[in-house]
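What follows is a single structure, written as structure tokens, with notes after it.
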């Protein structure tokens, strides 16, 4: 049973983009120090609640650029994709935001260039007509929504822990559950303020550093973010510009005549793109009859993700018959970030592979 559980855990790590062959300690990127530094903005921020759940809730409200009451903004971010197992790339993410129904958002790189216009009539797109891929989505979520507002604490145990990481002292909240795995299960903050500095999972093999903290509209933004996988940098972000918009030129937010209207009625995402939105996993139980018969393999499921991010339907399309129902039952308990179009959550269709192995 321990070998089966280990195999399932390794599969979950692989699904999260991990390379299980490398060491677990975080490795800073050579061109950018990950060492946390004290920021002047900390002096004027609210104190941290002592209760771990209250601390995470407080941090959700003040970190990133989501939530109520934010001023109109213009942000420009340069990013590097440095993971050698992926296609190296560098580019710029830029956003002019007035409301969820009035914005312009661009990605510009050698591999993916796209401009989206959010309007009262819906979403219009120029350039690449595909949805941003997993790495492009990570650029956006790490910056804008580092602690998902939809993070579900049900079934989780939350604990406060003091940690020293790279000679800096943090107050961390860890989230653990029985047979439940979160894509990020540790959030670390300034020692006495709910300012996010570090997130981690799988014993720090997956992590994100948040440095160069600045304040904007009552929220805290990291100017420099390093996302690591298996202890190696995957994406490096740097905020080049963050400014309020005192005046609005409506013509800048008007889609060109040849922009393509993007329907929100039938959104289909590739499996790796949907994986970048995953928040909460429950591994399947191995049917005793399948273990006795030494049956293993991959079950592929067609999955519907509801507007709230919860899986509402899971239908096996391939895989060993004795494993299909257990795979579907497990995935029906998974949760994702809600997929938003012009600020409104929409239903998503995608595929999910679930691997069963008896181990070696």
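The values are calculated or read from the model by the stated rules, or taken from the named source; none is laboratory data. No experiment lies behind these values; they were computed from the predicted model shown. Reconstructed Cβ throughout: ideal geometry from the backbone, glycine too, with neighbour counts over all protein chains shown.
Below are the figures for this structure:
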quantity	calculated
All strands (runs of 3 or more DSSP E) inside the stretch 70-135 with 3 or more residues being closer than 30 Å to residue 231 by Cβ	73-81, 89-99, 102-109
Search result, residues across the stretch 238-265 that are under 22 Å from the mean Cα position of the chain (by Cα) and either more than 30 Å from residue 222 (Cβ to Cβ) or in the same structural domain as residue 307 (by TED's automatic domain parsing) (or both)	264
Qualifying residue in the stretch 111-119 (condition: at pLDDT 85 or above, at negative phi and either exposed (fewer than 14 other Cβ atoms within 10 Å of the Cβ) or not assigned by TED's automatic domain parsing to the domain that holds residue 158 (or both))	no
Selection from the stretch 267-292 of residues that are buried (at least 19 other Cβ atoms within 10 Å of the Cβ) and more than 24 Å from residue 152 (Cα to Cα)	286
Residues (at pLDDT 95 or above and either surrounded by 15 or more Cβ atoms within 10 Å (Cβ to Cβ) or in contact with a strand residue (DSSP E or B) (Cβ under 7 Å, 6 or more places away or on another chain) (or both)) located in the stretch 253-266	253, 255, 256, 259, 260, 261, 262
Those residues of the stretch 342-352 which are farther than 9 Å from residue 305 by Cα and either touching a helix residue (DSSP H, G or I) at 6+ places or on another chain (Cβ under 7 Å) or surrounded by fewer than 17 Cβ atoms within 10 Å (Cβ to Cβ) (or both), in sequence order	343, 344, 351, 352
